[in-house]
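The values are calculated or read from the model by the stated rules, or taken from the named source; none is laboratory data. Bear in mind that the values here come from a model prediction, so they are computed numbers and not experimental data. Neighbour counts run over all protein chains shown; Cβ positions are idealised from the backbone, glycine included.
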Amino acid sequence: MPTMTMIEAIRDALDVKLADDPGVVVFGEDVGFFGGVFRCTAGLQKTHGIERVFDTPINESAIVGLGVGMAAQGMKPCVEIQFADYMYPGFDQISQEAARLRHRSNQQFTCPLVIRMPTGGGIYGGQTHSQSPEALFTHVAGLKVVVPSNPYDAKGLLIAAIEDPDPVIFLEPKRIYNGPFYGHSAGEAAGWSSRPEAQVPEGRYTVEIGKAAIRRPGSAITILAYGTMVFIAEEAVRQTGIDAEIIDLRSLLPLDHAAIVQSVEKTGRCVVIHEATRTSGFGAELAAEVQEACFWHLKAPIQRITGWDAPYPLAAEWDYFPSPQRLGRALIRAMED
């Protein structure tokens, strides 16, 4: 099997589905001729034609609205919002139209629409290129929300998303697109050395949406993570030596409740980590789920390690990120309680 980065795996998934299904179309800002700002769609227009892979105006509401209309008529559009930060003009179409079409029409129409968005920081993109808005989408009934942490999952989950009959928000952590920290030495200096390349099968395969993966089995404490934070969790465990079980959620909506409960009932302790701001972040939902389902098994309070409640700081983004050191201190505190 070839070894791929996440960008290559995403491109391969799109290539497979474009070849496999004539109803699949790919479009967005700079997606066609240029191949996307991160090159995820490079070469696809040349291979599949301008009618299947094409550019759009800078209008996120129109991009999503066009996708909803195509999906309602039986096509399978996979659209790109150039950065997750740009999705706000399209949020009305996402939350009011795409998410509700099946239920509003009494299932006369479905919306097999995938909306891809690079998310998170790590490339010194500043406040309008570095946000992590996943909690906004998980609040919308009718959506599915996916965040891969590695190339294998990225391809399998994207193919599954394109084949899903309902709208899927596909969030791609840009910090691990091409390597662990997108070429920045600050991450290496902090000891974050995992490289998210993986062997990826050729052709079609799927990873089930709604199923978490145990990245590291353990018995002392459960770490709930997704996206880039999976690698932070692995490094924190390496540095502390604590026998933690790392659960890569992969899918935030639907959430794999069974995997979470089984792990926390075994370990009795839980730490949640995500890059987004703390208040009303998805970690609060995870903590509530664990509290409700595992209360009598808990040996220590649930802890959250997150980004700060502040606008994204360009000059200090590596201090903003949850680090292995911050997570490590939380693990030690939980073990002492």
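Of all residues in segment 181-201, one or more are at pLDDT 95 or above and surrounded by fewer than 18 Cβ atoms within 10 Å (Cβ to Cβ). Here ARG250, ARG278 are screened, and the one residue that is touching a residue at least 12 places away in the same chain (Cβ under 8 Å), closer than 29 Å to PRO118 by Cα, crowded, with 24+ Cβ neighbours inside 10 Å and within 18 Å of the chain's Cα centre (by Cα) is ARG250. Close Cβ contacts (under 7 Å, 6 or more residues apart or on different chains) running from residues in segment 64-85 that are at positive phi to residues that are modelled with pLDDT of 95 or more and surrounded by fewer than 18 Cβ atoms within 10 Å (Cβ to Cβ) comprise GLY74/GLY23. Residue under question is ASP15, and the condition is that it be charged (D, E, K, R) and in a helix (DSSP H, G or I); does it hold? Spelling it out, ASP15 is indeed charged (D, E, K, R) and in a helix (DSSP H, G or I). Based on this model, can you work out whether THR222 counts as within 18 Å of LEU171 (Cβ to Cβ) and crowded, with 23+ Cβ neighbours inside 10 Å? No: the conditions fail for THR222. Taking segment 55-170 as the region of interest, the helices (runs of 4 or more DSSP H) fully inside it that hold 3 or more residues being under 13 Å from the mean Cα position of the chain (by Cα) and of a type in the set (A, V, I, L, M) are 151-163. Which condition breaks for LEU331 when tested against (1) hydrophobic (A, V, I, L, M, F, W, C); (2) part of a loop (DSSP other than H, G, I, E, B); (3) closer than 13 Å to ILE221 by Cα? Going through (1) hydrophobic (A, V, I, L, M, F, W, C); (2) part of a loop (DSSP other than H, G, I, E, B); (3) closer than 13 Å to ILE221 by Cα one by one, LEU331 breaks only (2).
Give ASP15, ASP21 a once-over and let me know the one that is closer than 17 Å to VAL200 by Cβ and either more than 22 Å from the chain's Cα centre (by Cα) or surrounded by 14 or more Cβ atoms within 10 Å (Cβ to Cβ) (or both).
Going through ASP15, ASP21 in turn, the sole match is ASP15.
Selection over segment 305-324 of residues that are under 11 Å from ALA276 (Cβ atoms), within 20 Å of the chain's Cα centre (by Cα) and either in a strand (DSSP E or B) or modelled with pLDDT of 90 or more (or both) gives a count of 4. Scanning segment 271-296 for residues that are touching a strand residue (DSSP E or B) at 6+ places or on another chain (Cβ under 7 Å) and part of a loop (DSSP other than H, G, I, E, B) yields ARG278, GLY281.
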